[in-house]
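First the structure, in the form of structure tokens, and then the observations on it.
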Amino acid sequence: AAKQRGKANYVRYTGGMEQPVFAHAQLGGELRRALDADEFRLVYQPIMELATGRVIGVEPLVRWQHPTRGLVSPAEFIPAAEGTGLIVPLGRFVMREACRQTAAWLAEFGPDALQKIAPNVSVRQLHDPDFLADVRQILAETGLPCERIVLELTESAVLRGPQVLQTLHRLHDMGVRLALDDFGTGESSLSLLRAFPASIVKLDKSFVDGIELDEDGTPEANARQAVARAVIQMAGALGLDTVAEGIENQGQADRLLGLGYTLGQGYHLARPMPAEDMTRLLAAQREKATA
Ligand code: C2E
Ligand code: MG
Ligand code: MG
Ligand code: MG
């Protein structure tokens with residue numbers, strides 16, 4: 001059925017920009033129904049080497065293909081899914097599908113085609129007593145090695161106390177890597193980063209926006225650059241990798257490269273795309289490598 005609906009449906013949200021498409025109370029029941037009806041889809045956004053454009057990983061992003069309302073943005077339903085607890089089965093679906101797809105890409109294109117898959121994980125999932133067992137089962141089922149997985153967490157998730165921290169340490173001990181998403185927007189602190197077994201920080205898009213515009217010398221532009229510089233220095237000191245998010249033009253990519261960022265993600269590099277398009281991108285990359 002997904003195939004018949006066609007690719008065009010993936011292209012744009014119909015909601016999001018205008019009125020919310022659902023009244024809040026309606027949403028919980030709709031999400032349950034949608035999960036049972038298999039209406040959630042994944043799109044994949046490449047994480048690339050800034051200097052070469054080589055794909056080094058992908059972030060799976062969930063989409064809701066509603067039968068009558070079209071494609072619904074996660075901004076509209078993730079909060080409700082978290083509130084109702086439906087994020088637990090939905091997150092399990094995302095992880096299973098992303099791992100299955102990544103294992104298939106690795107089988108088709110070889111182990112160097114991409115290093116990692118980086119799904120987003122909500123704090124509600126980390127509180128689920130079955131979370132670790134689910135991750136282990138999905139890895140066993142799909143045959144994806146644990147070091148190919150990076151879980152993207154926000155700072156607020158990480159700050160939820162000892163139980164969550166223990167889960168994160170267990171994941172780390174299994175060989176699963178952890179990334180701090182949207183870094184710089186929450187209560188980022190050095191002590192947090194030391195307590196938390198992170199391998200990667202993702203510089204939030206808000207510090208990338210306008211980073212190329214320093215010529216005008218506005219305090220805002222200078223502040224963004226100062227944050228981007230501070231984050232990469234701190235990451236370097238703590239032995240963490242960095243990814244810059246939301247790169248929308250070459251000026252931003254150049255500026256980030258100049259500051260020492262090597263990896264990035266954004267519409268200028270590649271938009272989130274259906275699996276078939278990602279497969280074509282990986283095929284083209286292999287052509288180039290063997291040419
Ligand atoms: P995020 O994890 O920070 O994901 C990056 C978001 O920025 C994605 O939006 C992506 O499409 C968008 N983006 C990437 N490059 C650019 C750019 O150059 N310009 C602009 N304007 N945007 C860019 P998306 O897919 O709408 O997801 C929004 C948020 O929803 C995600 O933010 C994440 O927090 C959440 N989310 C998405 N999928 C999942 C999921 O499977 N599970 C959970 N728990 N949360 C998810
Ligand atoms: Mg993310
Ligand atoms: Mg992010
Ligand atoms: Mg973000």
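Annotations
- Among the residues here, Glu276 qualifies as loosely packed, with under 14 Cβ neighbours inside 10 Å, away from ligand 2 (no atom under 16 Å from the Cβ) and either closer than 26 Å to Leu168 by Cα or of a type outside the set (S, T, N, Q) (or both).
- The residues listed here are Thr167, Thr185; of these, the one that is within 16 Å of ligand 4 (Cβ to nearest atom), of a type in the set (Ser, Thr, Tyr) and touching a residue at least 24 places away in the same chain (Cβ under 8 Å) is Thr185.
- Residue in the range 210-225 that is more than 22 Å from Pro272 (Cα to Cα) and hydroxyl-bearing (Ser, Thr, Tyr) present: yes
- Test: residue in the range 31-48 that is buried (at least 19 other Cβ atoms within 10 Å of the Cβ), part of a helix (DSSP H, G or I) and not hydroxyl-bearing (Ser, Thr, Tyr): yes
- Scanning the range 81-104 for residues that are more than 12 Å from ligand 1 (Cβ to nearest atom) and modelled with pLDDT under 95 yields Gly83, Thr84, Gly85.
- Only helices (runs of 4 or more DSSP H) whose full extent lies in the range 71-127 are considered here, and the ones with at least 3 residues that are away from ligand 4 (no atom under 16 Å from the Cβ) and more than 20 Å from Glu147 (Cα to Cα) are 74-84, 87-109.
- When the range 38-68 is filtered for residues that are within 16 Å of ligand 2 (Cβ to nearest atom) and aliphatic (A, V, I, L, M), the ones remaining, listed by number, are Leu42, Val43, Ile47, Met48, Ile56, Val58, Leu61, Val62.
- Checked against the criteria, Gly239 counts as at pLDDT 90 or above, out of contact with any helix residue (DSSP H, G or I) (no Cβ under 8 Å at 6 or more places or on another chain) and at positive phi.
- Whether a residue is farther than 21 Å from Ala235 by Cβ and in contact (Cβ under 8 Å) with a residue 60 or more places away in the chain was assessed, and Leu114 passes this test.
- Any chance Gln115 is polar (S, T, N, Q) and over 14 Å from Ala275 (Cβ atoms): yes
- Residues (more than 12 Å from Met48 (Cα to Cα) and either within 12 Å of ligand 1 (Cβ to nearest atom) or touching a helix residue (DSSP H, G or I) at 6+ places or on another chain (Cβ under 6 Å) (or both)) located in the range 247-274: Glu248, Asn249, Gln252, Leu259, Gly260, Pro272, Met273, Pro274
- Qualifying residue in the range 129-137 (condition: buried (at least 18 other Cβ atoms within 10 Å of the Cβ) and under 15 Å from the mean Cα position of the chain (by Cα)): no
- In the range 166-191, the qualifying residues are those that are in contact with a Leu (Cβ under 7 Å, 6 or more places away or on another chain) and farther than 24 Å from Leu256 by Cα, and the one that is farthest from ligand 3 (Cβ to nearest atom) is Arg170.
- For the residues Ser199, Ser156, Ser206, the requirement of being modelled with pLDDT under 90 and either within 23 Å of Leu114 (Cβ to Cβ) or of a type in the set (S, T, N, Q) (or both) singles out Ser156.
- Residue match in the range 188-196 (condition: within 16 Å of ligand 4 (Cβ to nearest atom), within 22 Å of Leu153 (Cα to Cα) and touching a residue at least 40 places away in the same chain (Cβ under 8 Å)): no
The values are calculated or read from the model by the stated rules, or taken from the named source; none is laboratory data. Note that the structure is a prediction, hence the values are computed from the model and not measured. Using ideal geometry, Cβ is built from the backbone for each residue, glycine included, and neighbour counts are taken over all protein chains shown.
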